[in-house]
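First comes the structure, then the notes that go with it.
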Amino acid sequence: MTEYFNEMFDGGKVRQPYNGLDGWMREMPSELRAMKQAEAEALFRRIGITFAVYGEGGDPDRLIPFDMFPRVFTQPEWRKLERGIKQRARALNAFLLDVYGRGEIVRAGRIPARLVYQNDAYERAVSGFIPPRGIYSHIVGVDLVRTGPDQFYVLEDNCRTPSGVSYMLENREIMMRMFPQLFRENRIEPVDGYSDALRRTLASVAPTKCEGEPTVAILTPGHFNSAYYEHSFLADLMGVELVEGPDLFCEGGFCWMRTTEGPKKLDVIYRRIDDAFLDPLCFRPDSMLGIPGLMDVYRSGGVSICSAPGAGVADDKAIYTFVPEMVRFYLGEEPLLENVPTWQCAKKDDCKYVLENLSELVVKEVHGSGGYGMLVGPKSTKEQIENFRHKIEDNPENYIAQPTLALSTTPTFVEEGVAPRHVDLRPYCLVGEKVELVPGGLTRVALTEGSLVVNSSQGGGVKDTWVLAE
Amino acid sequence: MILTVNHVTTYDYDAPMGAAVQSLRMFPSRFEGQRVIEWDVSVEGGLRGGSFRDGAGDRVEGWSIRPPVDEVAITVKGQVETFDTSGVLRGHRELVHPMAYLRETVATWIDDSLAALAEEAVAGATEDLNRAHRLSAAISEAIAYKPGATHSHTTAAEALAQGEGVCQDHAHALVAVARCVDLPARYVSGYLFATDDGTPHEAAHAWGEIWVAGIGWIGFDPANKCCPDERYIRLGSGLDAREAAPIRGITQGSGEERLHVTVALDQVQQ
């Protein structure tokens, strides 16, 4: 029987970070709880935050369950995490700048050339181009799990356009509205500085040709996209335009936004569309979403694109294994955050081990996301395991495997009262003139008892995440 | 050799169109095989956009034309001094790792016939240079030059199955078979000066380049059974014809497009 680290209870004792919540939990009558839960749901419905996190697909109008029980970190816990995340974000950006430049890490033999240059996400069209401040990934979402008081693992990095930050902000907003006394009794670090920090970050990477205050806009694929709510929410908070491809055009080496007062020059695009759909002249010729000529404007320094096209090569699951190596190579530091040990089924010995230990491992598709197409060995039936065995044997390159981690639990409201449920954490690190992290993030919780899959498509919910001030 | 180029590409439309945007890769590469004396690219009624040199060493320039557009005319005029480097792309500054040219594209997709041809061509050859020559010779053999037999979307595999094609098909097939035997390869677009020796050719031309470790990129022109020499002007490269295209453009609207191209290459007598 696996022991799971409970973030609130150490045996019968309440761990210090949760002292402020113990009484709240015990004293809340169940009728009040039900009322508050209904209120929270109504609030979420009203603001319209119903999208699936991380582009997982599924019903876009489905509400992701919100659990009112906050997840708490102490200041020292957070500081340690923060240092580790910032370190990782710096290393990933150094890697991107390098592999689109001279590729020193490959020349030094620290990462196989094939893994980088033959990677589908490696974008030859931007090699040799140095984006402003040399930054490719301006918002790095690092997915973490916890297995003990001091033990965290990075599950994956998201260097393109990590979503879900609107949940971090809305969860807090709703908690403050429903339980104001909690925020009087506990000193909780605010997260509402995120939108200003994001705005500053984006403005700080304006292209060299930009004079004066940079104009920033968010580029969305449109309202049919599952994260459209988040796009418009962030645009509102930052006070910038939300645009779609047809709202923009390229002329004279700049990108312009059509407005009622005539064209306005755009300096920084925070895009929430994939590389392939940015510019039909450079990428997919059939793209209806893109802006013809955008990549020429970008590469000649007329506009900045965040994240930079090509950033995806750093968050590939096969590249992930090498992130600790990047930290050592570029920063000359020891990694503060650990990777989960990973077996690559593309390697013969690894594959053999994986096939022999399927019932104990988690197997994932190299390019998959959202908890689809994955096997959680200990939670699977014999038949499911055998099914997966065939898939791996047929196409070993497509799979990696990791040990089943004993994900920590936090108290969660369930039908019967309060019970421990497994959680993960995605903080959002901003990289611009400064590298910054708001104290908090998105906690996802597996609402099904015993489940280790926190993805919203697989029955996961979200929680407010507190970092206590000292 | 000093060559002059006069190249006019015209797209006209049967109905007024919206804005046109162009990305042009029409500037001679900088390497020991060619020196630009003068060169001018212009788009009639167009606005010049950003210009830059990409990681592969190609100069790219953006252009746009405001609506309504009923014609897009791109004119290239210039004079280049060329030298024979035996096909070797010497002194060409670029950053892209050769391994980035092992990727397949739709046009260069390797089917069983291409794979078989590649394997047979290099059988027994151990040196990469030798293998590259053999691949080029095999493609010349397998695909006969025949204008009109293929179209702009014909893939390497289709051209091989048909056994005939033009320089684009030869170049696609060559890069496909080279990648098949793990030799990085790319599609090159440029010009070829026609001498009167009766060799079939097209003035707007395309060939392949194969990466040979220890030497670098080497051009092979299966269409003319040779390596590029002083008759060639190199413009740019890519994984396939679409990526290496001298002109990539989009004109908004639903009008029918007609394309006219005139290319004249002349030798300046010294």
Scan around residue B:26 for amide H atoms under 5 Å from its own, H built in the peptide plane at 1.01 Å from N, and keep only partners 5 or more places away or cross-chain.
B:61
Using eta = 0.890 mPa s and T = 25 °C, Stokes-Einstein with Kirkwood Rh from Cα pairs puts D for segment A:142-208, in µm² s⁻¹, at 164 µm²/s
Using θ = phi - 60° and Karplus 6.51 cos²θ - 1.76 cosθ + 1.60, couplings along segment A:207-215 (whole Hz; Gly, Pro as x)
x, 4, 6, 7, 10, x, 5, x, 8
At a probe radius of 1.4 Å, figure out the A/B buried accessible area, summed over both chains, and give it in Å² to the nearest 100.
2400 Å²
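Write down Rg/Rh for segment A:343-403, rounded to two decimals, with Rg from the C-alpha atoms and Rh from the Kirkwood relation over Cα pairs.
On the Cα set of segment A:343-403, Rg over Rh gives 0.91.
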Per the helix-only calculation at 222 nm, which mean residue ellipticity applies to chain B, given -39500 (n - 2.57) for every DSSP H run of n ≥ 4 and division by its residues, nearest 500 deg cm²/dmol?
-5500 deg cm²/dmol
5 Å is the cut-off here: which amide hydrogens, built 1.01 Å from N in the peptide plane, fall below it relative to residue A:421, excluding neighbours closer than 5 in sequence?
A:410, A:412
So what's the Cα pair-distance distribution over the protein assembly as shown, bin width 10 Å, in %?
3, 13, 21, 23, 18, 12, 7, 3, 1, 0
Carbon and sulfur atoms account, in whole percent of the 1.4 Å probe accessible area of segment B:98-244, for 52 percent
Near the amide H of residue A:265, under 5 Å away, which other amide H atoms are found, from residues 5 or more places off or on another chain, if H is placed in the peptide plane?
A:257
I'd like to check one number: the per residue accessible area of segment A:190-283, probe 1.4 Å, reported in Å² as a whole number.
41 Å²
Rg and Dmax in Å for chain B, alpha carbons only: what are they?
18.5, 60
Where does segment A:261-327 land on the Kirkwood hydrodynamic radius, alpha-carbon pairs, in angstrom?
13.6 Å
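Hey, what did chain B get for relative contact order, percent, Cα under 8 Å, at least 6 apart?
Reported as a whole number, the value is 29 percent.
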With θ set to phi - 60° and the Karplus curve 6.51 cos²θ - 1.76 cosθ + 1.60, what are the ³J(HN,Hα) couplings of segment A:433-450 in order, to the nearest whole Hz, using x for Gly and Pro?
4, 10, 9, 9, 9, 6, x, x, x, 9, 9, 9, 10, 7, 6, 6, 4, x
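Suppose we keep just the DSSP beta bridges with both residues in the protein assembly as shown; what percent of those would be antiparallel, to 5?
Once the DSSP bridges in the protein assembly as shown are tallied, antiparallel ones form about 85 percent.
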21 Å Cα-Cα threshold exceeded, pairs from A:364/A:463; A:347/A:382; A:80/A:379; A:317/A:352; A:86/A:434
A:364/A:463; A:347/A:382; A:80/A:379
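The values are calculated or read from the model by the stated rules, or taken from the named source; none is laboratory data. Since we're looking at a predicted model, the values are computed, not measured. Accessible surface is based on the protein model in full, side chains and every heavy atom, while ligands, DNA and RNA are left aside. Shrake-Rupley method; radii C 1.70, N 1.55, O 1.52, S 1.80 Å.
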